[in-house]
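Visitor: Encoded as structure tokens, here's the structure I'll be asking about.
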Amino acid sequence: MRILLLGNANRPGVQEEAEKLARVIRQHCDIVLIDLLQEKDLTNVTADIALVLGGDGAILRAARQMGYHQTPVLGVNLGKLGFLADLSPDDLCACLPAVMEGQFRVTWHLMFECVARGAEGLQTFLGLNDVVVRSGTPFHIIDLNVIVDGETVSSFSGDGLILGTPIGSTAYNLSAGGPILGQELQAFVLTPICPHSLTNRPLVDSADKEYTIALRHDAPGATLMIDGHETLTLTVGQPVLVRRAPVRFGLVKVAGHSYYQTLRHKLRWGTGPNYRAEP
């Protein structure tokens, strides 16, 4: 089996952990490339699994780095939460022999393309989590149109809008009151950010449609963010188009680490009230 070893060496402990794990990994398989600085082109590198050390941010960076040549990712959490990177280094060492024997499954997840006008003209960005349009300095309210397959379906005023994938539904979308989507659904969720209305609610719709977000009026400071990484300034007359990408993100799942288990353990989803013990 051929392994990519990726991560974020700027995070404390990642470089040291990579050196330890590399020695263990080489006992079982080949490491074809190590990149802990996200500086190498991975589009022509062939491997069976990309082992990513860090947090969920490191996995998002790895997905961007692999571009339209995605390799299934096995995440090792060295960050704060690790929702996607749900193995500890000890967990990895324990399950590595089984993984090398093919005892795992790969789940495939929706990615998106975001087409927007930046400093270099019209650009297409590949993303995994979400597209966010929001107000910026001086933080005035912004007015948005949401257009689905050419039809205007909503117009509202507020702090902005999140358009997220199922993978991204447990990120900013969740904090803004949006729903959690099953990770393998082929759908987008649109969640207004603090809409000045009693009627605007999150919407879940098909990933087969195209979504356009447009400013209705000039809004100084209005900003487009893609996966919290790419940032562009928005103006009237520069709509943002979001559509399904022609590539999917692969996530390696090992025994004992299911999606619902991660929801329970990492986000405390579905836990009961802390009832007083009766005498």
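The values are calculated or read from the model by the stated rules, or taken from the named source; none is laboratory data. Note that this is a predicted model, so its numbers are computed, not measured. Methodologically, a virtual Cβ is constructed for each residue, glycine included, from the backbone with ideal geometry; neighbour enumeration extends over all protein chains shown.
Visitor: Examine the stretch 238-256 for a residue that is in the same structural domain as GLY136 (by TED's automatic domain parsing) and assigned to a helix (DSSP H, G or I), and state whether such a residue exists.
Guide: no
Visitor: Any idea which residue in the stretch 198-228 is modelled with the highest pLDDT, counting only those that are out of contact with any strand residue (DSSP E or B) (no Cβ under 6 Å at 6 or more places or on another chain) and part of a loop (DSSP other than H, G, I, E, B)?
Guide: ASP208
Visitor: State whether the residues of the stretch 92-102 include one that is surrounded by 18 or more Cβ atoms within 10 Å (Cβ to Cβ), outside the structural domain of GLN27 (by TED's automatic domain parsing) and in contact with a Leu (Cβ under 8 Å, 6 or more places away or on another chain).
Guide: Of the residues in the stretch 92-102, the ones surrounded by 18 or more Cβ atoms within 10 Å (Cβ to Cβ) are 92, 95-96, 99.
Adding the requirement that they be outside the structural domain of GLN27 (by TED's automatic domain parsing) leaves none.
Within the stretch 92-102 (the criterion being surrounded by 18 or more Cβ atoms within 10 Å (Cβ to Cβ), outside the structural domain of GLN27 (by TED's automatic domain parsing) and in contact with a Leu (Cβ under 8 Å, 6 or more places away or on another chain)), the answer is no, since none of the residues qualifies.
Visitor: Is there any pair with a first residue in the stretch 234-252 that is of a type in the set (Ser, Thr, Tyr) and a second that is surrounded by fewer than 16 Cβ atoms within 10 Å (Cβ to Cβ) whose Cβ atoms are under 9 Å apart and which are 6 or more apart or on different chains, and what are they?
Guide: Between residues of the stretch 234-252 that are of a type in the set (Ser, Thr, Tyr) and residues that are surrounded by fewer than 16 Cβ atoms within 10 Å (Cβ to Cβ), the close pairs are THR235/ASP218.
Visitor: So which residues in the stretch 193-212 are in contact (Cβ under 8 Å) with a residue 40 or more places away in the chain and touching a Gly at 6+ places or on another chain (Cβ under 9 Å)?
Guide: ILE193, HIS196, SER197, ASN200, GLU210, THR212
Visitor: With the requirement that a residue be under 15 Å from the mean Cα position of the chain (by Cα) and either closer than 18 Å to GLY57 by Cβ or hydroxyl-bearing (Ser, Thr, Tyr) (or both), what does the stretch 80-111 give you? Steps first, answer last, please.
Guide: Taking the stretch 80-111 first, the residues under 15 Å from the mean Cα position of the chain (by Cα) are 81-86, 107-111.
Correct list: LEU81, GLY82, PHE83, LEU84, ALA85, ASP86, THR107, HIS109, MET111.
Visitor: Could you list, ordered by first residue, the pairs with Cβ atoms under 9 Å in which the first is in the stretch 66-94 and at positive phi and the second is outside any strand (DSSP E or B) and aliphatic (A, V, I, L, M), at least 6 apart or interchain?
Guide: GLY67/LEU42; GLY67/VAL247
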